[in-house]
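Peer 1: The structure under discussion is supplied below as structure tokens; questions concerning it will follow.
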Amino acid sequence: VRGKSKKPKGFIVAIDGPSGAGKSTVSRQLAEALEGRLLDTGAMYRGVAYFVIQQGAMSEHEYVEIVKGISFSMDEKAGAMLINGEDLGAKLRTEEVGLMASLVSQFEEVRTVLTRHQRTLARVWAKKIPVVVEGRDIGTIVFPDVRFKFFVTADPLVRAQRRYDELRRRGVKRITLKSILKQNQDRDRQDSTRKLAPLKVPEDAVVVDTSTMKISQVVQFMKNNIQARNFPEE
Ligand code: DC
């Protein structure tokens, strides 16, 4: 019989992948399914980008000053990340902020500061609960030693179509599939070819191609995979 005490309370799951592969939805739902918490590291880069835009910062020096001055905490009740004490929510989800996030994420000091915050937050939470950490360099740089690593990806055309559908649902009219495909390509290139912590598949990650899978199937697959390895047959 499996003893209850054998179940580890907290552990870290690293999820990486390109934008639009379904990574954020999958990560959020996996965190829920594990009764844990999500650390959305893209939101942290977006938070920096938001203040960069708001303050009109234009140089590396200014970006670094901004990131050093930002505090990250958790609104436990709402389950939302607070950036400088504020839940920036939808303000972080614009295309402008996304592109700026991709840009500022290329600077070493910006990454160093955010990586440090990510390690601290996730390690503290993981003492008590499972923590799903989602980003581009989680399994490679931020937590290279964790057991559970996934790389979530999908066919570029599928990713573009999903994004297109999402924008249409939100009422955005003046977009084309072609322009999204191009935008994705640009962002992927920027994220994968940058010198520091480029997006790549961690050596020991389980690659999940979501092109023909439903979100619920992806989440179930990952949960099973984690549980099979976390609670091996005695
Ligand atoms: O996942 P996202 O679209 O919210 O991320 C926005 C940008 O932030 C992404 O284009 C690259 C950067 N990023 C990063 O460099 N490293 C991470 N761990 C997460 C995001």
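Peer 1: Binned at 10 Å from 0, what are the whole-percent values of the Cα-Cα distance distribution for region 63-140, short to long?
Peer 2: All Cα pairs considered, the percentages come to 15, 48, 34, 3.
Peer 1: Distance check, please: which entries in Lys149/Lys195; Lys68/Lys91; Lys77/Lys128; Lys91/Lys195; Lys68/Lys149; Lys91/Lys182 exceed 25 angstrom between their Cα atoms? Walk me through the numbers before you get to the answer.
Peer 2: Working: Lys149/Lys195 22 Å; Lys68/Lys91 21 Å; Lys77/Lys128 16 Å; Lys91/Lys195 28 Å; Lys68/Lys149 29 Å; Lys91/Lys182 23 Å.
Listed pairs above 25 Å: Lys91/Lys195; Lys68/Lys149.
Peer 1: At q = 0.26, 0.27 Å⁻¹, work out log10 I(q)/I(0) for region 180-234 with the Debye formula, treating every Cα as an identical point scatterer and leaving solvent out; two decimals please.
Peer 2: Result of the Debye calculation: -1.03, -1.04.
Peer 1: If R0 is 25 Å, what FRET efficiency do you get for Gln190 and His61 from their C-beta distance, rounded to 0.05?
Peer 2: 0.75
Peer 1: Rounded to the nearest percent, how much of the accessible area of the chain (1.4 Å probe, protein heavy atoms only) is carbon and sulfur?
Peer 2: Values: 6620 of 12750 Å².
Using a 1.4 Å probe with all protein chains present, the chain comes out at 52 percent carbon and sulfur.
Peer 1: Here is a further query. Quick one, can you get me the convex hull of the C-alpha atoms of region 143-192 expressed as volume per residue in Å³? Please report the intermediate quantities before stating the final value.
Peer 2: Values: hull volume 5.3 nm³, N = 50.
About 106 Å³ per residue, rounded to a whole number.
Peer 1: Starting from the residue with the highest accessible area, list Arg119, Arg159 in decreasing order, probe 1.4 Å. Walk me through the numbers before you get to the answer.
Peer 2: Details: Arg119 75, Arg159 10 Å².
Sorted by accessible area, descending: Arg119, Arg159.
Peer 1: Here's another thing I want to ask about it. Determine, for each peptide in 129-141, 195-207, 66-78, the mean count of other beta carbons within 10 angstrom over its residues, then list the peptides with the highest first. Could you put the intermediate results ahead of the total?
Peer 2: Details: 129-141: 24.2, 195-207: 14.9, 66-78: 13.1.
Sorting 129-141, 195-207, 66-78 by mean packing, highest first, produces 129-141, 195-207, 66-78.
Peer 1: Here's something else I'd like to know. Counting pairs of Cα atoms in the chain, how many percent are more than 22 Å apart? Please report the intermediate quantities before stating the final value.
Peer 2: Details: 14566 of 27261 pairs.
For the chain, the share of Cα pairs beyond 22 Å comes to 53 percent.
Peer 1: Continuing with the same structure: Take every DSSP beta bridge with both residues inside the chain and express the antiparallel ones as a percent of the total, to the nearest 5.
Peer 2: Numbers: 5 of 22 bridges.
Antiparallel bridges make up about 25 percent of those DSSP assigns within the chain.
Peer 1: For a quick check, take a GNM of the chain with Cα springs below 10 Å and name the residue from Met213, Met100, Met44 with the largest mean-square fluctuation.
Peer 2: Among Met213, Met100, Met44, the largest mean-square fluctuation in the Gaussian network model of the chain belongs to Met213.
Peer 1: Could you tell me how far the Cα centroid of region 38-80 sits from the Cα centroid of region 205-234, in Å?
Peer 2: Measuring centre to centre over Cα atoms gives 31 Å.
The values are calculated or read from the model by the stated rules, or taken from the named source; none is laboratory data. Remember, predicted model here, so these are calculated numbers, not experimental data. Cβ atoms come from the backbone with ideal geometry, glycine included; neighbour counts cover every protein chain shown. Side chains are part of the model used for accessible areas, which takes the heavy atoms of the whole protein and leaves out ligands, DNA and RNA. Shrake-Rupley method; radii C 1.70, N 1.55, O 1.52, S 1.80 Å.
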